[in-house]
Amino acid sequence: MPVPSAAPKGRPHRASLGARLAGYVVLAHDPSVPQVAADWWEICAPHYRSVVDPLRAAAEGHRAAADLAALAAAPADGARERALADSLDALLAAAPATADRLADLVAAADPHLLIDYHRGPRPAAPAAPVGLDTVLGWPPRTAPPAEAPRTAVVIPFRDRIGGARTRNLLACLAALRAQHRPPAGVAVTVVETDDTPRWERHIRPWADHYVFAPHGGHFNKSWAVNLGVRRTPGAPEWVCVLDADILVDDRFLERNLARAADGGLAAFLPYRAMHCLDPDSSHAAIRSRIEHGAPDVPVDAVRALVLREPPGAVLWARADVLHRIGGFDERFQGWGGEDDDVVARLSAAGRLDRFDDPLLHLAHPRPQMTLDGAPFNAGVTPGGWRPGDRYGLPDGPAAARAGGRP
């Protein structure tokens with residue numbers, strides 16, 4: 001995965017230093033941090049320790065030492081995080097030199113964090129959980145399908161683990177339906193790739209087009225996307241590849257269609273920071289956006305791990321450019337690599353920009369991230385995809401047709 005360019009944050013203000021240091025303790029100890037991006041964790045971990053190890057030494061003999069140990073043992077506990085921030089504020093107020101030294105360490109480490117941490121204000125009360133039963137009870141918000149869509153929104157999908165991903169998909173589809181000004185000429189295609197169409201009857205009422213792609217092996221996002229692009233009726237000029245766990249705001253389509261119409265772009269990613277919500281924030285975000293009809297979910301209101309400039313989740317591309325490069329590389333299967341590869345090839349084929357919209361990623365069980373002890377797709381050479389016109393074909397991914405694992 002390419003490393004994003006550094007974006008220095010500067011020295012934290014003394015008033016917020018305790019909370020920022022507590023956030024570093026979370027980053028260094030929460031098991032969800034390496035799970036969200038194992039390769040980026042390896043890059044970031046030394047920078048987390050460069051702050052937390054001196055912090056632990058500075059807290060010795062003070063109440064903050066016990067609070068630090070308590071948070072390290074339960075890094076998702078908001079009460080323990082607030083307790084540590086408070087005790088650090090007291091410690092640092094009494095030791096200005098220590099505060100300055102720790103502030104300098106944070107300022108030195110911050111630009112290197114590809115995985116950061118954000119906690120919004122404490123909610124008045126936790127949101128009621130949103131499970132699969134909740135979303136299956138929503139009345140579908142249907143819309144007349146576009147006869148000749150100019151834009152195809154393609155969502156690749158699989159859920160074999162308890163319905164959590166299906167909950168996210170239906171929330172994603174409901175948010176696409178709940179747009180401030182529903183645009184004409186947009187078709188939403190969901191591609192379910194599995195050994196059986198497990199969720200077809202629940203997906204069809206929410207999508208313009210449902211495609212079942214029989215495939216019992218490892219999930220192949222690339223093939224699902226390519227198939228969805230080819231199976232969307234008409235000849236769309238633009239394609240939006242949208243992950244099934246993204247909760248969009250009510251101007252998502254309007255804003256990005258305007259960018260597409262502006263001319264000059266071959267592709268774009270509409271965000272720089274992806275906020276990976278924890279389970280409680282995911283429940284609250286879905287309740288707010290879908291059930292209460294909020295136009296968006298402010299990132300300041302969530303608890304999230306923040307990935308800086310990741311390549312996937314939402315990608316807009318001109319259809320002719322995407323076809324010219326052979327779509328996504330179907331040799332990639334399982335987890336990781338396909339988004340980096342397609343972004344690099346699109347960048348080589350034309351102008352690719354990034355914008356700075358907020359992006360909310362809903363919590364779900366983490367996928368298998370290695371194969372036989374090695375990263376998925378370790379044997380795939382990036383940029384080497386030359387399929388001709390043999391991509392997105394219904395008989396299966398190119399990797400499978402070529403004999404299995406790439």
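The values are calculated or read from the model by the stated rules, or taken from the named source; none is laboratory data. From a predicted model like this one, the values you see are computed outputs, not experimental measurements. As a convention, Cβ positions derive from the backbone with ideal geometry for all residues, glycine included, and neighbour counts pool all protein chains shown.
Under 6 Å between Cβ atoms, which residue pairs at least 6 apart in sequence (or on different chains) link something in the range 110-128 that is crowded, with 17+ Cβ neighbours inside 10 Å with a partner that is modelled with pLDDT under 80?
Every condition considered, the pairs that remain are Asp110/Lys9.
Looking only at the range 13-39, count every residue that is surrounded by 19 or more Cβ atoms within 10 Å (Cβ to Cβ) and more than 19 Å from Glu309 (Cα to Cα) and tell me the total.
Summing the residues that are surrounded by 19 or more Cβ atoms within 10 Å (Cβ to Cβ) and more than 19 Å from Glu309 (Cα to Cα) in the range 13-39 gives 11.
Kindly establish whether Ala94 is loosely packed, with under 13 Cβ neighbours inside 10 Å, touching a residue at least 40 places away in the same chain (Cβ under 8 Å) and more than 26 Å from the chain's Cα centre (by Cα).
no
Any residue in the range 69-81 that's touching a residue at least 24 places away in the same chain (Cβ under 8 Å): show its pairings with residues that are outside any helix (DSSP H, G or I) and surrounded by 15 or more Cβ atoms within 10 Å (Cβ to Cβ) at Cβ separation under 6 Å, as long as the two are six or more apart or on different chains.
Pro75/Asp30
Here are Arg160, Arg141: which of them is touching a strand residue (DSSP E or B) at 6+ places or on another chain (Cβ under 8 Å), assigned by TED's automatic domain parsing to the domain that holds Asn220, among the basic types (Lys, Arg) and surrounded by fewer than 17 Cβ atoms within 10 Å (Cβ to Cβ)?
Values: Arg141 fails: touching a strand residue (DSSP E or B) at 6+ places or on another chain (Cβ under 8 Å).
The conditions single out Arg160.
Could you pull out the residue among Val154, Val188 that is part of a strand (DSSP E or B), touching a Ser or Thr at 6+ places or on another chain (Cβ under 6 Å) and under 27 Å from Glu291 (Cβ atoms)?
Numbers: Val188 fails: touching a Ser or Thr at 6+ places or on another chain (Cβ under 6 Å).
Going through Val154, Val188 in turn, the sole match is Val154.
Just the residues that are in contact with a helix residue (DSSP H, G or I) (Cβ under 8 Å, 6 or more places away or on another chain) and closer than 14 Å to Trp206 by Cβ, please, taken from the range 143-167.
Step one: filter the range 143-167 for residues in contact with a helix residue (DSSP H, G or I) (Cβ under 8 Å, 6 or more places away or on another chain), giving 143, 151-159, 162-164, 166-167.
Matches in the range 143-167: Ala143, Val153, Ile155, Phe157, Thr166, Arg167.
Going through Arg345, Arg331 one at a time, which residue ends up being crowded, with 20+ Cβ neighbours inside 10 Å and in a loop (DSSP other than H, G, I, E, B)?
Residue meeting the stated conditions: Arg331.
Looking only at the range 220-235, filter to residues that are crowded, with 24+ Cβ neighbours inside 10 Å and not β-branched (Val, Ile, Thr); which one of those is nearest to the chain's Cα centre (by Cα)?
Lys221
Can you work out which of the residues in the range 174-203 that are free of Cβ contacts under 8 Å to residues at least 40 places away in the same chain and among the polar types (S, T, N, Q) is surrounded by the most Cβ atoms within 10 Å (Cβ to Cβ)?
This residue is Thr193.
Here's a check for you: in the range 278-307, which residue that is at pLDDT below 95 and farther than 18 Å from Pro129 by Cα is surrounded by the most Cβ atoms within 10 Å (Cβ to Cβ)?
Val299
Quick one: is Ala244 in contact with a helix residue (DSSP H, G or I) (Cβ under 6 Å, 6 or more places away or on another chain), at pLDDT 95 or above and aliphatic (A, V, I, L, M)?
yes
Please count how many residues of the range 40-61 are surrounded by fewer than 17 Cβ atoms within 10 Å (Cβ to Cβ) and of a type in the set (A, V, I, L, M, F, W, C).
Of the residues in the range 40-61, 4 are surrounded by fewer than 17 Cβ atoms within 10 Å (Cβ to Cβ) and of a type in the set (A, V, I, L, M, F, W, C).
In this structure, does Trp316 turn out to be under 30 Å from Gly388 (Cβ atoms), more than 14 Å from the chain's Cα centre (by Cα) and aromatic (Phe, Trp, Tyr)?
Working: under 30 Å from Gly388 (Cβ atoms): yes; more than 14 Å from the chain's Cα centre (by Cα): yes; aromatic (Phe, Trp, Tyr): yes.
Yes.
Just checking, how many residues over the range 71-85 are surrounded by fewer than 16 Cβ atoms within 10 Å (Cβ to Cβ) and at pLDDT 95 or above?
Of the residues in that region, 2 qualify.
Among the numbered conditions (1) over 23 Å from Asp30 (Cβ atoms); (2) surrounded by fewer than 22 Cβ atoms within 10 Å (Cβ to Cβ); (3) touching a Lys or Arg at 6+ places or on another chain (Cβ under 9 Å), tell me where Ala267 comes up short.
With (1) over 23 Å from Asp30 (Cβ atoms); (2) surrounded by fewer than 22 Cβ atoms within 10 Å (Cβ to Cβ); (3) touching a Lys or Arg at 6+ places or on another chain (Cβ under 9 Å) applied to Ala267, the lone miss is (2).
Check the range 199-215 and report whether any residue there is hydroxyl-bearing (Ser, Thr, Tyr), more than 20 Å from the chain's Cα centre (by Cα) and at pLDDT 95 or above. Walk me through it before giving the result.
Within the range 199-215, the first condition is being hydroxyl-bearing (Ser, Thr, Tyr), and the residues that meet it are 210.
Remaining after also requiring more than 20 Å from the chain's Cα centre (by Cα): 210.
Keeping just the survivors that are at pLDDT 95 or above gives 210.
Yes, the conditions are met somewhere in the range 199-215.
Quick one: in the range 236-260, which of the residues that are surrounded by fewer than 17 Cβ atoms within 10 Å (Cβ to Cβ) and of a type in the set (Asp, Glu) is farthest from Arg167 (Cα to Cα)?
Once the filter is applied, the top-ranked residue is Glu237.
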